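The values are calculated or read from the model by the stated rules, or taken from the named source; none is laboratory data. These numbers come from a predicted model, not from an experiment. Cβ coordinates were reconstructed from backbone atoms using ideal geometry, including for glycine residues, and neighbour counts include every protein chain displayed.
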Amino acid sequence: ARAICESLGQSRASIEDKLDGLGYGLNQAYLLFGGALVFVMHGGFAMLAAGAIRSKNAVNILLQTLMDACASAIMWYLIGFGFAYGIGDKPNRFIGDALFGLARAKTHNTGSG
């Protein structure tokens with residue numbers, strides 16, 4: 001009976017490690033999917049705005065929405081990623097304080113495993 005219990009204990013630890021890895025992967029997939037939906041919503045808002053104005057100004061509003069999406073992506077790269085995932089040397093448990101512009105990204109430990 002003791003051998004079975006020890007075997008189950010080792011199996012449980014192995015299964016927990018695998019589930020932790022799976023959970024991390026699913027979380028990252030969910031975040032990527034959510035981010036993709038946000039960029040698709042830019043297109044939907046562009047169509048809404050283009051339909052609410054005169055046709056001669058439609059190109060201007062579409063270009064404005066495209067520039068908004070581009071500026072949002074650049075600002076996320078420079079500032080947003082650091083706030084969301086940048087756990088610095090002295091974490092404050094509220095907002096990230098490292099990895100702005102992905103500086104030191106290869107040498108930085110994110111604590112994810």
Quiz item: For the range 1-93, list the helices (runs of 4 or more DSSP H) that sit wholly inside it and hold at least 1 residues that are surrounded by 10 or more Cβ atoms within 10 Å (Cβ to Cβ), touching a helix residue (DSSP H, G or I) at 6+ places or on another chain (Cβ under 7 Å) and at pLDDT below 90; which are they?
Solution: 2-51, 81-85
Quiz item: Could you list, in sequence order, the residues of the range 94-105 that are of a type in the set (F, W, Y) and part of a helix (DSSP H, G or I)?
Solution: F100
